[in-house]
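Below is one structure; the comments refer to it alone.
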Amino acid sequence: MELSVQLAPRRGRGLRLANPVMTASGTFGYGTEYYGVLDIQRLGAIICKGTTLEPRPGNPQPRITETPSGVLNSIGLQNIGVDELIATKAPVWTGWKVPVIVNIAGATVEEYGRLAARLNGVPGVSGLEVNISCPNVEAGGAEFGRDPDTASRVTAVVRERTELPVIVKLTPDTPDVVAVARAVVEAGADAVSLVNTLRGMAISVKTRRPVLGSRFGGLSGPAIKPVALYLVYQVAAAVEVPVIGIGGITTAQDALEFIMAGARAVQVGTANFTSPRAPLDVLDGIERFMREQGIGDINQLVGVARE
Ligand SMILES: Cc1cc2nc3c(=O)[nH]c(=O)nc-3n(C[C@H](O)[C@H](O)[C@H](O)COP(=O)(O)O)c2cc1C
């Protein structure tokens with residue numbers, strides 16, 4: 001049975017994963033935390049926590065709250081910073097079979113460029129995922145990913161400073177995600193992943209205040225799946241590069257829906273908080289489905305719902 005997928009066909013060495021199931025940024029740490037909890041080497045890839053130039057303490061507490069079918073988070077990119085990542089995490093990853101992709105986040109276009117340059121050629125780093133759902137401090141805090149021109153400038157600067165495969169991660173909080181997807185592909189993205197969290201909030205009627213310390217947060221989990229699936233379907237029809245589906249994927253059926261909508265691979269996020277085994281259960285379920293349906297190659301299922 002062929003489960004492997006190519007995520008960067010336009011890049012010299014490409015980015016081939018043994019299977020299409022990855023873990024989503026911010027929901028699986030650096031992978032190291034899960035060593036011994038499950039066989040992480042069976043995963044298609046691990047996307048590590050969003051990484052910035054300097055270490056960040058993140059937003060005020062509370063930073064996570066449960067909703068009826070998912071979570072709201074306002075972690076605020078708490079992370080160890082790129083230098084510490086290169087010094088302590090990447091050397092561990094070099095011994096792994098599973099590729100690790102570093103998710104990067106900047107406050108200015110130039111910061112993305114510096115992060116890309118810093119990570120270029122670092123052993124243990126197999127690719128970059130560019131989180132453009134961050135506030136652009138040079139544009140009054142509007143997210144880079146809202147606007148095709150800004151998203152394109154971020155992609156171009158990253159593309160210029162690295163030979164690594166570049167995945168650009170799109171935000172659903174934009175009036176036209178297809179236009180943003182087209183712009184980043186034109187600027188050199190090898191693949192696009194979507195979606196990041198959707199903006200949301202919760203209010204405590206007891207305290208009469210927003211629940212999250214920073215008032216607003218990002219909604220993830222099963223609640224966002226139909227929205228994410230719709231956007232993946234639209235983007236996959238519009239771009240030639242591989243699309244990675246993210247949003248509420250909890251079971252193999254969820255993952256298969258994204259693949260049939262046109263995703264070449266998927267990421268499992270919030271489901272890791274319920275069960276760290278979720279991504280491997282998703283993978284096992286995909287294999288079972290393929291066996292039952294007599295499908296020899298996962299790539300045959302990509303986009304079938306669009307035919
Ligand atoms: C606690 C938490 C932290 C996250 N941190 C990041 C991050 O650092 N960078 C990023 O691009 N996405 C981050 N995300 C978004 C996820 O990677 C994913 O895009 C989103 O949660 C939707 O997928 P899901 O519904 O499967 O969780 C985070 C999500 C959660 C719940």
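With unit charges on the beta carbon (Lys/Arg positive, Asp/Glu negative), name the residue among V166, T197, V178 whose Cα is farthest towards the positive pole of the charge dipole of region 161-203.
So the residue furthest toward the plus end is T197.
Kindly write out, for region 271-286 in residue order, the coupling ³J(HN,Hα) from the Karplus curve 6.51 cos²θ - 1.76 cosθ + 1.60 (θ = phi - 60°), rounded to whole Hz, with x marking Gly and Pro.
These are the phi-based 3J(HN,Hα) values: 4, 4, 6, 7, 8, x, 7, 3, x, 6, 5, 4, 4, 4, x, 5 Hz.
Rolling a 1.4 angstrom probe over the protein chains, ignoring ligands and nucleic acids, what is the accessible area of Y233 in square angstrom, nearest 10?
Taking all protein chains as shown, Y233 has close to 90 Å².
Just name one of V235, A90, Y34: the one whose Cα is farthest towards the positive end of the charge dipole of the chain (beta-carbon charges, Lys/Arg +1, Asp/Glu -1).
Of V235, A90, Y34, it is Y34.
Could you compute how much accessible surface F273 exposes when probed at 1.4 Å, giving the result in Å² to the nearest 10?
Approximately 110 Å² for this residue.
For R42 paired with D173, estimate the spin-label separation in nm (one decimal), with each label point 7 Å from Cα along the Cα-to-Cβ line.
Result for the modelled spin labels: 3.6 nm.
How much length would be gained if the chain were fully extended between I203 and R306, taking 0.36 nm per residue of separation minus their Cα-Cα distance, in nm to one decimal?
Details: separation 103, 0.36 × 103 = 37.08 nm, distance 3.97 nm.
Value of the extension gain: 33.1 nm.
Compute the label zone of K97 within region 33-73: residues whose backbone N is under 15 Å from the point 7 Å along Cα-to-Cβ.
Inside the label zone: 36, 38-46.
Evaluate the relative contact order of region 1-123 (contact order divided by residue number), counting alpha-carbon pairs under 8 angstrom at least 6 apart; express in whole percent.
The value is 23 percent.
Cβ neighbours within 10 Å, averaged per peptide: list 158-170, 250-262 in order, most packed at the top.
Taking the mean over residues of other Cβ atoms within 10 Å, the ranking is 158-170, 250-262.
For the chain, with all protein chains present and a 1.4 Å probe, just round the carbon and sulfur fraction of the accessible area to a whole percent. Intermediate results must be reported in sequence, preceding the final value.
Numbers: 6470 of 12990 Å².
That fraction is 50 percent.
Taking the Cα centre of region 183-278 as the origin, how large is its charge dipole in debye, to the nearest 20, when only Lys and Arg (+1) and Asp and Glu (-1) carry charge on their Cβ atoms?
Approximately 780 debye in magnitude.
Heavy atoms of the protein only, probe of 1.4 Å, neighbouring chains included. What is the accessible area of R153 in Å², nearest 10?
Number for this one is 140 Å².
Taking amide H atoms as placed 1.01 Å from N in the peptide plane, list the residues 5 or more away in sequence, or in a different chain, whose amide H sits under 5 Å from that of N103.
HN-HN under 5 Å from N103: C48, T51, E129.
Nearest 5 is fine: what % of DSSP beta bridges in region 1-95 come out antiparallel, could you say? Don't skip to the answer; put the middle values down first.
Values: 7 of 10 bridges.
Among the beta bridges of region 1-95, antiparallel pairing accounts for roughly 70 percent.
Counting Lys +1, Arg +1, Asp -1, Glu -1, what net charge surrounds V211 among other residues with beta carbon under 14 Å of its beta carbon?
Summing Lys and Arg as +1 and Asp and Glu as -1 gives +4.
Just for the chain, what percent of DSSP beta bridges are antiparallel, to the closest 5? Spell out each step's value before the answer.
Details: 17 of 44 bridges.
Antiparallel bridges: around 40 percent, rounded to the nearest 5.
What is the distance, in nm, between label points placed 7 Å from the Cα along the Cα-to-Cβ direction at Q253 and at R10?
So the label points at Q253 and R10 sit 3.6 nm apart.
Please list 3J(HN,Hα) in residue order for region 129-146, calculated via the Karplus relation 6.51 cos²θ - 1.76 cosθ + 1.60 where θ = phi - 60°; whole Hz, with x for glycine and proline.
10, 9, 7, 9, 8, 10, x, 8, 5, 7, 10, x, x, 5, 5, 3, x, 6
Just to confirm, what accessible area per residue do you get for the chain at 1.4 Å probe, in whole Å²?
42
The values are calculated or read from the model by the stated rules, or taken from the named source; none is laboratory data. Fair warning: this is a prediction, and the values are worked out from it, not measured in the lab. Positions of Cβ are backbone-derived with ideal geometry, glycine not excepted, and every protein chain shown enters the neighbour counts. Please note that ligands, DNA and RNA were not included when accessible areas were found on the heavy atoms of the full protein model with its side chains. Shrake-Rupley method; radii C 1.70, N 1.55, O 1.52, S 1.80 Å.
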